[in-house]
1. When only residues in segment 124-169 that are out of contact with any helix residue (DSSP H, G or I) (no Cβ under 9 Å at 6 or more places or on another chain) and acidic (D, E) count, which is nearest to the ligand (Cβ to nearest atom)?
2. Residues being in contact (Cβ under 8 Å) with a residue 40 or more places away in the chain, small (G, A, S) and over 18 Å from G191 (Cα atoms): count how many of those fall in segment 253-306.
3. Restricting the first residue to segment 207-221 and requiring it to be closer than 9 Å to A166 by Cβ, which pairs with a second residue that is of a type outside the set (G, A, S) and within 6 Å of the ligand (Cβ to nearest atom) meet a Cβ separation below 7 Å and a spacing of at least six or different chains?
4. Being farther than 24 Å from L14 by Cα and under 22 Å from the mean Cα position of the chain (by Cα) is the filter here, so list the residues in segment 284-306 that pass it.
5. Hey, could you check segment 196-214 for residues that are in a loop (DSSP other than H, G, I, E, B) and among the charged types (D, E, K, R) and say which is farthest from G229 (Cα to Cα)?
6. Return the residue satisfying two criteria in turn: it lies in segment 170-217 and is more than 9 Å from the ligand (Cβ to nearest atom) and of a type in the set (G, A, S), and of such residues it is surrounded by the fewest Cβ atoms within 10 Å (Cβ to Cβ).
7. Go through segment 235-248 and give me each residue that's touching a residue at least 24 places away in the same chain (Cβ under 8 Å) and either within 16 Å of the ligand (Cβ to nearest atom) or surrounded by fewer than 16 Cβ atoms within 10 Å (Cβ to Cβ) (or both).
Amino acid sequence: MRADLAAYELRTGLALRAVAHELAALPPSASDVEVLAVLGATANAAPAITAIEPRSLPTLGQSIEAWGLAAGLREVAFVTVAPERVDATIAEFPGAHVERRARHVEIGPQDRWQDDRRRGAPRVELFFARDAATACHAAALQAADPTRHAAELGALFGYPACCVAAFVAQRTRNDNSLNRYLTAARTIAPGPWPWELNELHLRLVAFYPCAYDCPAAQAVARATVAAIGNAHPAIPPQLATALTATVIYVDHDHQVWLRCRAEPDRYDAIAAIGGGRALPALVAAAARADRLVTADHGIELHAGAHAVVEVVPLPLVARFG
Ligand SMILES: [Zn+2]
């Protein structure tokens, strides 16, 4: 891993954990100003000028792993589900062989998975393949050491080798907010990036791309969308509309999705994604502006010529189009 990326991972991981820790420590009576301050955000009092709309994402009918296996995009589909979801999940893979492994999963703030597989809620890992030997082989590799066997597992799961290599090179892989920051940090082009790789909420790929414009990752996502479209022609255009967005991503629990139609970074609607403590205040602040301005040190949200919101340090700004 590049030295600058390793330093960025350490720094960003620490900053994300500090935000989660400080939000959890706030008293219930904390004001919006205090709550926003934890995110590094300040907002002026101003009237709302942009509509806050409910987020509407199409439902895909079944998991992207099931779509991918059926379309021949992967030899093995791997999903982790709650015990009560096992039967319904198996029904998504008619004719496939399944291997099961029990584990526990504890998910903390910001979608951070604890490494200890004995802590948390019971979950079942399911490995589906057309033949029993392949499903069993993938389950054995995952149980032995998923990092050491990442290249082979990635090939079985249909993940591009470049994306697997970049993910394995990270110091850590269990913090899904940090994983997004790292994918963005590896992306050279400023964007907009292909909407098919907007995996910040609804994912069309089951892996982290090496970059948000990785052609191999985009090919996997496009093939998945095509498979969905063959069965449900109305869904791909809905996906394109929903996933074309500029996203202010503080962490997994604090996402502000901006709809920019007329010109880049000028928005006419916003949507809140996540369940974070500071999200309602952040979205309400964003509604007082209609233009995103990014600088090296952070972002500003402007209404006309005036900055009404500032967020420092720079959150992840992801533009998908
Ligand atoms: Zn890649």
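1. D145
2. 12
3. From segment 207-221, the pairs are Y208/C163; P209/C163; C210/C162; C210/C163; C214/P160; C214/C162; C214/C163.
4. A286, L292
5. If we take residues in segment 196-214 being in a loop (DSSP other than H, G, I, E, B) and among the charged types (D, E, K, R), then D213 is farthest from G229 (Cα to Cα).
6. Among residues in segment 170-217 that are more than 9 Å from the ligand (Cβ to nearest atom) and of a type in the set (G, A, S), the one surrounded by the fewest Cβ atoms within 10 Å (Cβ to Cβ) is A189.
7. Q238, A240
Residue-by-condition table, conditions (1) farther than 27 Å from I107 by Cα; (2) modelled with pLDDT of 95 or more:
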site: F127; (1), (2): no, yes
site: D175; (1), (2): no, no
site: A189; (1), (2): yes, no
site: Y212; (1), (2): no, yes
site: A219; (1), (2): yes, yes
site: I235; (1), (2): yes, yes
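The values are calculated or read from the model by the stated rules, or taken from the named source; none is laboratory data. None of these values were measured; they are calculated from a predicted model. Counting neighbours? That spans all protein chains shown, and the Cβs are built from the backbone with ideal geometry, glycine included.
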